[in-house]
Amino acid sequence: MSAPPLPACTLRCPAKINLTLRVLGVRADGLHELESLVAQIDLCDELSITPQEDGRYWFDCDDPTLPDDGSNLVLQAARALARAAGINRGADFVLKKRIPAGAGLGGGSSDAAATLRALNTLWGLNLPNERLHALAATLGSDVPLFLGPPLCVIRGRGEIVEPVEPRLDAWCVLALPGIHCATPAVYRAWDRLASNRASAESPAPTAGKPLSPALSDVLAVLDHPSELMTRLANDLEPAAFTVAPELETLHARAADIAGGPVRMSGSGSALFRLVGSRAQAEALAGRLRDALGVRVEVARTLNSPRA
Ligand code: C5P
C-alpha cells in the first residue's frame, strides 16, 4: 500500500515597506550596516506547496520574467532546509506573483521565508525558530524579517530583527513604476555618493541597541500618518535616483500629487505614502494612476493579533 499523500498548503506571502532606512556604514565584507523600521503590508504573493516524498522539486510561476531554475529563492530555501535537516524530500511549488520584483518590497524574500516556515511543518521537521532564522539569513538580507512580527527594526545587514511595541494601523498607497532597481547597483551608488561625503563610520552591529532618536520620533507618531510621513527617510533614495534618474522625477511628481512626502521602499523602485483611511487611500491611488500612468496599489499594514 502506498503512503497517504502529504498535506498541501497555500500561503499568502506579504510585501514589506521600509518606513525608515539609514545606512550607517560599510562593513569589511562590503555589505552595509543598516537600521531600518520595516512594516509588512497585505500586498501578497500566493504560494502553493505540495510536499513530495522523493527528492524532486517542481516550480511554476505566472511571472515569466522570474527565474524558474534553482536560482529562484523558493527553491534555494527548500534545498537549504532539506540540507540543514539532513533529509531527501521534495516539493511542488506554484507561485502567483503580485509583488513586483526589483521594487524594494521584498517579494522574493517573503516567498523564501514562507517556504522555510511551511516546509518545516509539512516535512515534519520542527526545527526551532533560531535555526530557521539562521537559514533565512544565508538566503538574503531581507529574508529573516519575514519570519518576524509585521512591524520590526532590522539591523546589521538585515539579519538582526527586533520587534517594536507600538502598532501601525494605516493604509499604504504604492506607486509601482516598473523600474527594476538592482540592489547591488544602488548600494554601489551609495558608496560613490558616500565617498564624496565625510568617510562613513562602520559601527558594529548590536542587537538590543537603544532606538536612535530619529526612530523614537517616528514611533511616537505611528497613529498620525501625515505627521509620520514627514519623519520618514530612506538614505538609499539619492543613490537609486542616480541609478534610475526617471525615478527622481516620478518621486517629485508623486509628492506633488499627494500634497506631502512620499518615500521609496528599500533600494527602490516602489514609492509609497501612508494615509489613515481606505477612502483617502483610494482617492490618492486614483490621482496617482491618472497622473503618472503607472501601476498603483492600495494595501493595508499588517498587525499581529492583539495580546
Ligand atoms: O542580501 P541580499 O542578497 O538581499 O543583498 C543583495 C545585495 O545588496 C548584496 O550583494 C549587496 O550588494 C547589497 N547589500 C548591501 N548591504 C546590505 C544588504 C544588501 O550592500 N545590508
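For LEU250, indicate whether it is open to solvent by less than 10 Å² (accessible area, probe 1.4 Å) and not small (Gly, Ala, Ser). No, not satisfied.
Is there a residue in the stretch 154-162 that is among the β-branched types (Val, Ile, Thr), open to solvent by 10 Å² or more (accessible area, probe 1.4 Å) and more than 16 Å from the ligand (Cβ to nearest atom)?
For the stretch 154-162, residues among the β-branched types (Val, Ile, Thr), open to solvent by 10 Å² or more (accessible area, probe 1.4 Å) and more than 16 Å from the ligand (Cβ to nearest atom): absent.
Give the residue that is farthest from THR183 (Cα to Cα), with candidates limited to residues of the stretch 216-232 that are open to solvent by less than 40 Å² (accessible area, probe 1.4 Å) and assigned to a loop (DSSP other than H, G, I, E, B). Going through the qualifying residues, I end up with VAL221.
So if I check each of ALA207, ALA189, which one is modelled with pLDDT under 95, within 16 Å of the ligand (Cβ to nearest atom) and either under 21 Å from the mean Cα position of the chain (by Cα) or among the aliphatic types (A, V, I, L, M) (or both)?
Details: ALA189 fails: modelled with pLDDT under 95.
Answer to the check: ALA207.
The C-beta contact set for the stretch 153-175 (first residue more than 27 Å from VAL298 (Cβ to Cβ), second residue among the polar types (S, T, N, Q) and more than 13 Å from the ligand (Cβ to nearest atom), distance under 9 angstrom, 6+ apart or interchain) comprises ARG155/THR206; GLY156/THR206; ILE160/THR206. Looking only at residues in the stretch 257-300 that are among the β-branched types (Val, Ile, Thr) and not in a helix (DSSP H, G or I), the one that is nearest to ASN234 (Cα to Cα) is VAL262. Of everything in the stretch 5-35 that is within 16 Å of the ligand (Cβ to nearest atom) and basic (Lys, Arg), the residue that is nearest to VAL164 (Cα to Cα) is LYS16.
The set of residues in the stretch 175-186 being more than 27 Å from VAL275 (Cβ to Cβ) and either more than 15 Å from the ligand (Cβ to nearest atom) or part of a helix (DSSP H, G or I) (or both) consists of THR183, PRO184, ALA185.
Exactly one residue out of ALA82, ALA112 is buried (at least 24 other Cβ atoms within 10 Å of the Cβ), at pLDDT 95 or above, in contact with a Gly (Cβ under 8 Å, 6 or more places away or on another chain) and not charged (D, E, K, R), and it is ALA112. Restricting to the stretch 233-263, what's the tally of residues that are in contact with a strand residue (DSSP E or B) (Cβ under 7 Å, 6 or more places away or on another chain), small (Gly, Ala, Ser) and within 19 Å of HIS180 (Cα to Cα)? Residues flagged as in contact with a strand residue (DSSP E or B) (Cβ under 7 Å, 6 or more places away or on another chain), small (Gly, Ala, Ser) and within 19 Å of HIS180 (Cα to Cα) within the stretch 233-263 amount to 2.
Quick grid of which residues meet (1) open to solvent by 60 Å² or more (accessible area, probe 1.4 Å); (2) hydrophobic (A, V, I, L, M, F, W, C):
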position	(1), (2)
ALA28	yes, yes
GLU33	no, no
GLN40	no, no
SER48	no, no
PRO64	yes, no
GLY70	no, no
LEU73	no, yes
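For the stretch 253-272, the set of residues classified as in contact (Cβ under 8 Å) with a residue 12 or more places away in the chain and open to solvent by 30 Å² or more (accessible area, probe 1.4 Å) consists of ARG253, ILE257, PRO261, ARG263, listed by residue number. Just one of the numbered conditions (1) without any contact (Cβ under 8 Å) to a residue 12 or more places away in the chain; (2) touching a Ser or Thr at 6+ places or on another chain (Cβ under 9 Å) is not true of GLY86: (2). Has the stretch 116-138 got at least one residue that is closer than 19 Å to ALA15 by Cα, among the charged types (D, E, K, R) and within 11 Å of the ligand (Cβ to nearest atom)? No, that holds for no residue.
The values are calculated or read from the model by the stated rules, or taken from the named source; none is laboratory data. Model, not experiment: these values are computed from the prediction. Neighbour counts run over all protein chains shown; Cβ positions are idealised from the backbone, glycine included. Only protein heavy atoms, including side chains, enter the accessible area calculation; ligands, DNA and RNA are left aside. Shrake-Rupley method; radii C 1.70, N 1.55, O 1.52, S 1.80 Å.
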